[in-house]
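Below is one structure, written out as structure tokens; comments come after it.
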Amino acid sequence: MPTRVERTDPEGVDYGWVMQVTFVTTILLGAPTVAVLSTTATLPTWNARVGFAVRVGAVIWILTALSVYVYAYRRNR
């Protein structure tokens, strides 16, 4: 019989939860946002397309991560 997986009760913000929610939310909301924003930009080459996706995706990722962290921090207090 396999060993039971124990649960943890972290003090403070659960950073694992923050990372998981950030990842899923960024994929679900960030990809369509990048796609919509790319329709307004002139992207003649693949390098331009990749650069655009990375730049816009990075901004979306950091804003999502900060928002999720603030939510977890306030909920924990």
Longest principal axis of the chain (C-alpha) makes with the long axis of helix 15-25 (C-alpha) an angle, in degrees to the nearest 10, of 40
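In square nanometres and to one decimal, what's the mean projected area of the convex hull around the Cα atoms of the stretch 8-72? If you can, show how the numbers build up before the last one.
Working: hull surface 19.7 nm².
Result: a mean projected hull area of 4.9 nm².
Each reported figure results from applying straightforward, stated rules to the coordinates on display, with no laboratory input. A quick note: this is a predicted structure, and the numbers were derived from the prediction, not measured.
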